Amino acid sequence: MNVAADERESLVHDLMVETGASWNAMPLAWRAVTVAGVVMFVGLNLLVGREAGGPAIASLRVLALIAMVSGSVESARVADEFYQRVYLHACAYAFIASTLILYALFEFGVNLGVRSVSVVVTTFVISFVVAFAVNRRG
Amino acid sequence: MKNRVRELRLERDWTQKELGSRLGMSRQAIIAIENGKFDPSLKLAMRLSRLFKKPVEDVFQLDEA
């Protein structure tokens, strides 16, 4: 068995493979909920302008976001204890960073409105990659 | 905590991926444990020790320093 060759796979490769494994470990119903949430959210934002909203569309948008976030939480729940720690650290980093970013922007007169959600999500994605790298090698 | 996971794994000629599969863990978890970056739960430490057929204190030692 060629142990050395097996150990050479990269951080990015492992992250992709194990994200896929985490996805596959999710029950089918949760995968369906997550995909439906993503499709509905993207569809509503691409096809229906925000000004053409109304309570019905707003409710669908909120439901889609709940589905996506719930899917992310479920994917963390089925992960092994190493990845659960990575998720926990990423949440902590993202909470601190996005709070500071949004508050600083607000103080400087930049009110992002609903786009604040994008700042939180982007901060979480970056935090996840950082937490993964830190917990993997230190 | 110090541990002998890498040493015991290599004695058995297992890859990190193979050890992870035997435990139902990711390769990253094994890498992090071997590097001393991640102390596993008591349950996982006991499962690892059982897999290596060693007492848990032979696999994991408290780093007094």
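The values are calculated or read from the model by the stated rules, or taken from the named source; none is laboratory data. Please read all numbers here as calculations on a predicted model, not as lab measurements. Cβ atoms come from the backbone with ideal geometry, glycine included; neighbour counts cover every protein chain shown.
The table for this structure:
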read-out: Residue in the range A:126-133 that is part of a helix (DSSP H, G or I) and over 28 Å from residue B:44 (Cα atoms) present; value: yes
read-out: Within the range B:9-30, tally of residues that are within 8 Å of chain A (Cβ to nearest Cβ) and touching a Phe, Trp or Tyr at 6+ places or on another chain (Cβ under 9 Å); value: 4
read-out: Pick from the range A:41-86, criterion among the β-branched types (Val, Ile, Thr) and within 14 Å of chain B (Cβ to nearest Cβ), ranking: nearest to residue A:118 (Cα to Cα); value: A:86
read-out: Given (1) at pLDDT 95 or above; (2) not assigned by TED's automatic domain parsing to the domain that holds residue A:129, index of the condition residue A:40 fails; value: (1)
read-out: Residue within the range A:35-55 that is out of contact with any helix residue (DSSP H, G or I) (no Cβ under 7 Å at 6 or more places or on another chain) and under 30 Å from residue B:39 (Cα atoms) present; value: no
read-out: Hits in the range A:60-119 (condition: among the charged types (D, E, K, R) and in a helix (DSSP H, G or I)); value: A:61, A:74, A:77, A:81, A:85, A:107, A:115
read-out: Residue within the range A:46-67 that is surrounded by 18 or more Cβ atoms within 10 Å (Cβ to Cβ), over 17 Å from residue A:131 (Cβ atoms) and either assigned by TED's automatic domain parsing to the domain that holds residue A:117 or touching a residue at least 40 places away in the same chain (Cβ under 8 Å) (or both) present; value: no
read-out: Search result, residues across the range B:48-65 that are in contact with a helix residue (DSSP H, G or I) (Cβ under 9 Å, 6 or more places away or on another chain) and either among the acidic types (Asp, Glu) or within 19 Å of residue B:10 (Cβ to Cβ) (or both); value: B:48, B:49, B:50, B:51, B:52, B:54, B:57, B:58, B:59, B:60
